[in-house]
Amino acid sequence: MNNKNDDLIWQIIGEREFCCFKKKTIFKNFCSHKFNITGLCSKQSCPLANSKYATIIQQQGKFFLVKKDERNLNFPNKTWKKIALSRNFGKALQEININLAFWPKFFLYFAKLKITKLTQIFIRYRINELKKTREFYQNKKLFFFETLSFFLFVKLFFLKKKPNFDFQKP
């Protein structure tokens with residue numbers, strides 16, 4: 001495909017407002033397509049209207065660079081090529097630089113921006129999960145001590161022994 005076909009697709013989808021992923025607001029149009037790299041509905045960031053496209057996705061805690069290549073557009077199952085990225089943030093940025101070396105700078109910039117945002121979100125999620133588990137164990141420990149003190153009280157009450165609070169030496 002060439003730019004003429006991309007322009008034709010954009011005229012049908014974007015200008016005539018025939019896209020089912022488009023969400024309109026007063027000021028901007030947004031795109032809800034899962035591969036949209038910016039979230040905005042524009043010709044440059046539309047994964048449907050571009051024959052050459054790249055974005056970052058996250059699946060089950062792993063990051064992938066997803067590329068749409070011009071050569072495989074006739075085969076729908078081979079249209080998108082998924083490349084696994086390293087869990088190390090620095091290595092992942094290097095892999096993006098290598099894989100998108102000859103691509104337009106738009107895709108390189110926004111792919112780096114998106115992996116930065118997703119990494120920050122993932123780190124915040126893990127911190128919140130750790131806080132929840134810490135609170136759980138603290139609450140469990142507090143519950144243990146509360147029940148222990150309750151059982152001591154019950155034991156003293158039913159045995160009807162007066163507790164010896166005198167701390168005199170025998």
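The values are calculated or read from the model by the stated rules, or taken from the named source; none is laboratory data. Here the structure is a predicted model, which means the values were calculated and not measured. Virtual Cβ from ideal backbone geometry, glycine too; neighbours counted across all protein chains shown. Just so you know, the surface numbers come from the protein's heavy atoms only, side chains and all, with ligands and any DNA or RNA stripped out. Shrake-Rupley method; radii C 1.70, N 1.55, O 1.52, S 1.80 Å.
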- Query: Is the shape of region 22-98 rounded, prolate or oblate, going by the alpha carbon gyration tensor and its root eigenvalues a ≥ b ≥ c, with a/c under 1.5 for rounded and a/b larger than b/c for prolate?
  - Reply: oblate
- Task: Measure up K52/K112; K34/K112; K23/K112; K24/K112; K4/K114 against 20 Å on the Cα-Cα distance and list the ones that go over.
- Result: K23/K112; K24/K112; K4/K114
- Accessible area in square angstrom per residue, region 47-91, 1.4 angstrom probe: 61 Å²
- What shape does region 2-64 have by the C-alpha gyration tensor, where a ≥ b ≥ c are the square roots of the eigenvalues, rounded means a/c under 1.5, and otherwise prolate means a/b greater than b/c and oblate the rest? oblate
- Task: Quickly work out the L73-to-T116 label distance, labels modelled 7 Å from Cα along the C-beta direction, and quote it in nm with one decimal.
- Result: 3.2 nm
